[in-house]
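> Pasting in a structure now, in structure tokens, and then I'll have a few things to ask.
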DNA sequence: TATTGTTATACTCTATAACTATA
DNA sequence: TATAGTTATAGAGTATAACAATA
């Protein structure tokens, strides 16, 4: 097992005997730690598409809700309108989405995926599902379903 | 265009019928949404102590691990050393913590709560436990325990 | 040579105020 | 008057490079 000589310094164990018991009893702390585990993997695997988490969420909602407005995206994703402008603008410049005049509201723009966005999201969603498998490797399918259900009971 | 609407409510409810089914099937998305629900409540209730989430986590680990070093805090909480400096400095200026020379490492400083920090954390931890009750109001005690266990299986 | 703590810095994310054009 | 989208801006949060003191 350990080919190294037995360590005599107690310093090595001191670093591992941190008592985080109180924090680990809190839903908020554990939720944050789980996010810290998932986020870098997401960023790394989505880098090839040049999509961040917000970009992917926005594109996913546009894909499954053609004609959705910026205002609806903000409400659904808890993004403030000023912070969505840059995201939409970038996706538009990349020709991934298209802004069409809203049929019944002259102020709003209906958002749609362009062909490049359709193709990108087909690949990106597949990659996200692969990432989901890796993130939940320690969970059974039932546990994964339970985890999602309980998280939704927190925020729904 | 079939935007002619002789009917009363053809797609009038479209604003509320956003399909987020794909996102809601992802652990990462649901974890993030749960965080977005918990974080503002935490900030609001901890504002009276002038403590953010990182401050509270740091103070909690110092409280339960007297003499812990900055390096250990960084490892335990996934905080980068340059970003911890300001936190520790502020807590020190507020006389909540004390930096003592480390007994066996001249480079490091052992961190301890000062009396004001002890008192503050007694109140703050009680407040956090109250917040925990509110955040998990829709969960049974068993569900709360299960949620924490499953989250830990994600990041542990 | 490696590690602890630190400074400087930059980039991202998030938040608020105010403007425009439409409703 | 209220709302959708936008601009400008400020504040957190988080990232890397480099340095001095110590191991």
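> For the stretch B:88-156, what is one quarter of the convex hull surface built on the Cα atoms, given in nm²? All intermediate terms of the calculation are to be shown ahead of the outcome.
Numbers: hull surface 29.0 nm².
Its average projected convex-hull area is 7.2 nm².
> 7 Å along Cα→Cβ for the label point: how many nanometres lie between residue A:36 and each equivalent label in the other copies, listed shortest first?
Those label-point separations list as 2.2 nm.
> Then there is this: How far, in degrees from 0 to 90, does helix A:27-46 lean away from the longest principal axis of the Cα atoms of chain A, to the nearest 10?
70
> Determine, for B:48, A:27, the number of other Cβ atoms within 10 Å of each Cβ, and report the residues in order from fewest to most.
Working: B:48 10, A:27 21.
With the fewest neighbours first, B:48, A:27 line up as B:48, A:27.
> Let me ask something additional. 7 Å along Cα→Cβ for the label point: how many nanometres lie between residue A:85 and each equivalent label in the other copies, listed shortest first?
Label-point distances to the other copies, shortest first: 3.5 nm.
> A further question on this structure: Averaged over peptide B:121-130, how many Cβ atoms belonging to another chain are found within 10 Å of each residue's Cβ?
On the way: counts 1, 0, 0, 0, 2, 0, 0, 6, 3, 0.
Taking all residues of B:121-130 together, the mean is 1.
> Any idea how far the Cα center of the stretch B:90-110 sits from the one of the stretch B:17-66, in Å?
28
> Oh, and also: Ignoring everything except DSSP H segments at least 4 long, calculate the 222 nm mean residue ellipticity for chain B; use -39,500 (n - 2.57) per segment, divide by total residues, nearest 500.
Numbers: 7 runs with 93 residues, N = 156.
Rounded to the nearest 500, the figure is -19000 deg cm²/dmol.
> How long are the three semi-axes of the equivalent ellipsoid of chain A, in whole Å, if each is the root of 5 times an eigenvalue of the C-alpha gyration tensor, listed from largest down? Mind showing how you got there, number by number?
Numbers: eigenvalues 339, 70, 48 Å².
Here the semi-axes work out to 41, 19, 15 Å.
> How big is the protein assembly as shown by Rg and Dmax over its Cα atoms, in Å?
Radius of gyration, then largest Cα-Cα span, for the protein assembly as shown: 23.6, 84 Å.
> I've got another one for you. Residue by residue through B:139-148, how many Cβ atoms from other chains fall within 10 Å of the Cβ on average? It would help to have the intermediate numbers written out before the result.
Details: counts 4, 1, 0, 0, 4, 5, 1, 4, 10, 8.
Mean inter-chain Cβ contacts per residue within 10 Å come to 4.
> Can you list, shortest first in nanometers, how far residue A:123 lies from the same residue in the other copies, with each label 7 Å from Cα toward Cβ?
So the label point of residue A:123 gives 5.6 nm to the other copies.
> Within 10 Å of each residue's Cβ, count the other Cβ atoms and sort A:95, A:135, B:25 from fewest upward.
Working: A:95 11, A:135 22, B:25 15.
With the sparsest Cβ surroundings first, the list reads A:95, B:25, A:135.
> Could you work out, residue by residue across A:19-25, how many beta carbons of other chains sit within 10 Å of that residue's beta carbon, and then give the average as an integer? Write out the running numbers ahead of the final one.
Working: counts 7, 7, 2, 9, 8, 4, 6.
The per-residue average across the peptide is 6.
> Any chance you could give the angle, 0 to 90 degrees and rounded to 10, that helix A:115-135 forms with the longest Cα principal axis of chain A?
20
> If you don't mind, another one. Roughly how tilted is helix B:141-155, in degrees to the nearest 10 and between 0 and 90, from the longest Cα axis of chain B?
80
> If you rank A:24, B:130 by fewest surrounding Cβ atoms within 10 Å, what's the result? If you can, show how the numbers build up before the last one.
Details: A:24 14, B:130 11.
By the 10 Å Cβ count, ascending: B:130, A:24.
No lab work stands behind these numbers, since they all come straight from the coordinates. Everything numeric in this text was worked out from a predicted model, so none of it was measured. We place every Cβ from the backbone using ideal geometry, glycine too, and count neighbours over all the protein chains shown.
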